[in-house]
Amino acid sequence: MAFDFGVVTSHWSFIAQGCWITLVVSVMSILIAFVIGTGVAIARVYAGERISHLLGFFYVDMMRSVPLLVILVWVYFALPVIVGVNVDPMTCAIVVLGLHLGAEVCEVVRGGLLSIRQGQMKASLALGMSWAQAIRAVILPQAFIRSLPPLASIIIVGFKDSALASVIAVPELLRQSQVLAGQTFQPFEIYTAALVLYGGFLYPVALALAVIYDRYCSRMAA
Amino acid sequence: MNFDWSALWESLPVLLAGVQTTIVLAFLAMLLGIPGGLLLCAGRRSRFRVLTLPACIVIDGLRATPVLLQLFWLFYVLPLAFDVQLSPYATALLALALNVSVFNAEIFRAGINSIQRGQSNAALALGMSGTQVMRTVVLPQALRRSIPALANIWVSLFKNTALVSTIAVADLAYVALQLRTETYKTVEILTAMALIYWLMGYPQAKLADSLQNRYQVNE
Amino acid sequence: MPREDDVLEFREVTKRFDQTNVLDRVDFRVCAGEVVCIVGPSGSGKSTLLRCANALEPIDSGTIVFNGRTVGRTKRKLYKVRQQMGMVFQNFELFPHLTVLQNIVLAPRIVKGETESVAVGRARNLLRRVGLDDFGNKYPGTLSGGQQQRVAIARALAMEPDIMLFDEPTSALDPERVGEVLAVMRDLANQGTTMVVVTHEMEFARSVADRVVFFDRGHIVESGTPERIFTNPQQERTRAFLSHHLSNVNGQRSFPGQAH
């Protein structure tokens, strides 16, 4: 059987557009995930048992129990009917992906925060820092450094999960590939190209994150 | 706004059939994924480059690409490239099992590495052979240590089954999305779907947490 | 009767953990320039006394007065109080994600709002003072325990505190590392720093302290000059404790920088 990868090069700008959207959706949702996840983690650790349980039950465990696809579809199709506001697919995807991934960031950062010795907070307070200053300058950086390996895999997951945006017709790489495969009747070439693009981007990113950790951050962990 | 929740009762049998498919699919994928993971792990740890290289390519390649894309690739490429006709169900199972094998392989590898450091010298000193050490000392402990991580893999596998709806396998997500287009009861159907997933997923997530806690104490 | 030069004063301070009084109506004062060593059995409440002084532990009743102001009335003042008290912990508690220099500079920068150059200049002086000039860019994890504790002392001094609190500063160290930390503390004492030191190093207490306090079961059993406490203790409990501990110390160890 002969394959003709010319179809990929002749449609390169269509595919490149998809890559760009994938990049935007991924990076935005990862940023949202880190902000929300870190915030919720701090709240879960420091704002008392009650708040911790509420956030755990209504946010973290809900996101961990329900498939991303299901949440995405629900927010995109059902939520607008309930609240009467339509959102564009791209915004919807970014927010849902960010919230979903944020739950994982939260659990990792929370584990990091809990692993920091009590004495570090005491030492910070003894130097005259406020509670907030101690968390910002002393506790949180250490929690992040300790959590870097799992956070790196979360970043990779964030890029991969962005492919689900295709389900609500966000024109990212996978969606563009589907469209192209349907138009050209050459799904093998198109999907293989997409596979190579994802892998060719994410594999080096994963390696780079590991190298950065080994070289620059492991010495700061104690 | 009026929602017609009673219509859900009529749809319930269909939804439950979807639930069954979801559960069976996840179960079979894990059943294949454990030996698959061991095989990939053995390949990666092998002394022979002919085995290491393909195992590494499969593991690192699948880890760096979206499951949804892997699913499409298998769905469209298998029939074309290798002239195999698989049903959507079999394709879905293959994709999920492959994906789960890869993640299992990495977990087994970490487990084996963590045991081997201390224990294998002790066993070798007793005069055991390398394979004996692996089979009787290292592997049993490594598998035990892998249990909490495997539980987490199970939780994400169970969620990943929803992806098979995109190639028309009649799992819970698929039947719900079909019902939605047939009945136009978007909010009711989709909320019911989310709720059913939550009812199934929540206990699993909690179980995974408790396994994690239990096994961590033993360290 | 409060005196003019009192820096720190405890008035009938009580602190409870699960029904037991860790501090039981403790009266205690430190005046400017004084070096007070607190000795006593483990678990007697000595460390709690220090942690209550800068409100790391809340007290149940009584009053703590620092520089003429009551500690812990409002949160705002709490930070002010802690800024003027340096504390050194048993486990050093350096910040592992920051270099030695960053450890020392952090609090002056973000708490006092000092400029980088002022804070760094002082930090370098302090590092020289504790004998670690070349260690500024190293991470704490690469230092020995003794070096880490000397950095911790420099870090506390960087806030230019009115009093230094030492919570068993040498208990977590390898025996051969104890001397270098005590030498730094001895140096501080000689320069007139007000110090409260909870310690098991009797030799240090005997040679450096202006006053030694024997603390047991939440009470100050007795207090006085080192000579009085070590050579002529009045209480049976003090005598028993000292006879045990001094036998371990006599002539066994000698410390660099120690006056013989």
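Brief remarks follow.
- Accessible-area composition of the stretch A:121-222, carbon plus sulfur, in percent [1.4 Å probe]: 69 percent
- Against the main long axis of the alpha-carbon atoms of chain B, helix B:49-63 sits at an angle near 30°.
- Across all directions, the average projected area of the convex hull around the alpha carbons of the stretch C:50-191 is 9.1 nm².
- Low-density loop cleavage sites - trypsin sites (Lys or Arg not before Pro) in the stretch C:1-100, where at most 12 other Cβ are within 10 Å (DSSP): C:R3, C:R73
- Sequence-separation-based contact order of chain C, relative, with Cα cut under 8 Å and 6+ spacing, percent: 25 percent
- For the stretch A:11-221, the dipole from Cβ point charges (+1 on Lys and Arg, -1 on Asp and Glu) about the Cα centre works out to 780 debye, to the nearest 20.
- Membrane-span-like helices in chain A, defined purely by DSSP H runs whose alpha carbon atoms cover 15 Å or more axially and whose average Kyte-Doolittle hydropathy reaches -1.0, are A:12-46, A:89-115, A:140-161, A:173-184, A:187-212.
- Normalised contact order of the stretch B:6-214, rounded percent, pairs of Cα under 8 Å and 6 or more residues apart: 29 percent
- Cα long-axis angle, helix B:7-45 against chain B (0 to 90 degrees, to the nearest 10): 20 degrees
- Shape parameters for the stretch B:6-214, alpha-carbon atoms, Rg then Dmax in Å: 20.4, 71
- Of A:S130, A:S147, A:S177, the one that fluctuates the most in a GNM where chain A has Cα springs shorter than 10 Å: A:S130
- Protection proxy ranking for A:80-90, B:177-187, using the average of other Cβ atoms within 10 Å per residue and placing the highest first: B:177-187, A:80-90.
- Looking at the stretch A:11-221, the accessible area is 42 square angstrom per residue; that uses a 1.4 Å probe and ignores ligands, DNA and RNA.
- GNM result for chain B, Cα springs below 10 Å: residue of B:A97, B:A17, B:A122 fluctuating most strongly: B:A122
- Aspartates and glutamates whose Cα lies under 12 Å from that of B:K159, excluding same-chain neighbours fewer than 8 positions away: B:D171
- Placed amide H near C:Q235: partners under 5 Å, 5+ positions off or other chain: none
- Stokes-Einstein D in µm²/s, Kirkwood radius over Cα pairs - the stretch C:1-130 at 20 °C with 1.002 mPa s viscosity: 128 µm²/s
- Charge dipole (the stretch B:6-214, unit charges on Cβ, about Cα centre) - positive-most of B:A42, B:Y202, B:L177: B:A42
- The per residue volume of the convex hull around the alpha-carbon atoms of the stretch A:11-221 is 138 Å³.
- Among complete DSSP H helices in chain C, those whose alpha-carbon atoms stretch at least 15 Å along the helix's long axis and whose mean Kyte-Doolittle hydropathy reaches -1.0 are C:100-110, C:116-129, C:145-157, C:175-190, C:236-249.
- Rg(Cα)/(2.2 N^0.38 Å) for the stretch B:82-141, N = residue count: 1.71
- Taking the 1.4 Å solvent-accessible surface of chain C as the whole, the part contributed by carbon and sulfur is 44%.
- Between C:V30, C:V13, C:V118, the Gaussian network model of chain C with springs among Cα atoms under 10 angstrom shows the greatest mean-square fluctuation at C:V118.
- Dipole of the stretch C:61-190, positive end: most advanced residue of C:P175, C:Q84, C:V151 [Cβ charges, Cα centre]: C:Q84
- Spherically averaged projected area of the stretch B:120-159 from its Cα convex hull (nm²): 3.1 nm²
- Treating each Cα of chain C as one equal point scatterer and applying the Debye formula with no solvent, the log10 of I(q)/I(0) at q = 0.09, 0.11, 0.15, 0.17 Å⁻¹ comes out as -0.40, -0.60, -1.12, -1.39.
- Ranked from largest, the principal axis spans of the Cα set of the protein assembly as shown equal 99, 72, 49 Å.
- Per residue, the convex hull spanned by the alpha carbons of the stretch A:1-66 comes to 115 Å³.
- Solvent-accessible area lost in complex, 50 Å² minimum, residues of the stretch B:165-210 relative to chain alone, 1.4 Å: B:V187, B:L190, B:W198, B:Y202
- Per-residue [θ]222 nm for the protein assembly as shown (sum of -39500 (n - 2.57) over DSSP H runs n ≥ 4, rounded to 500): -20500 deg cm²/dmol
- Taken along its three principal axes, the alpha carbon spread of the stretch C:152-200 comes to 30, 18, 18 Å, from the longest extent down to the shortest.
- For the stretch B:6-214, the residue among B:T191, B:I147, B:A123 whose Cα projects farthest onto the positive side of the dipole built from Cβ charges is B:A123.
The values are calculated or read from the model by the stated rules, or taken from the named source; none is laboratory data. Only a predicted model underlies this, so the values are computations on that prediction, with no experimental measurement involved. Don't worry about glycine lacking a Cβ; one is built from the backbone with ideal geometry, like all the others, and counts go over all protein chains shown. Just the protein is used for accessible areas: all its heavy atoms, side chains included, with ligands, DNA and RNA removed. Shrake-Rupley method; radii C 1.70, N 1.55, O 1.52, S 1.80 Å.
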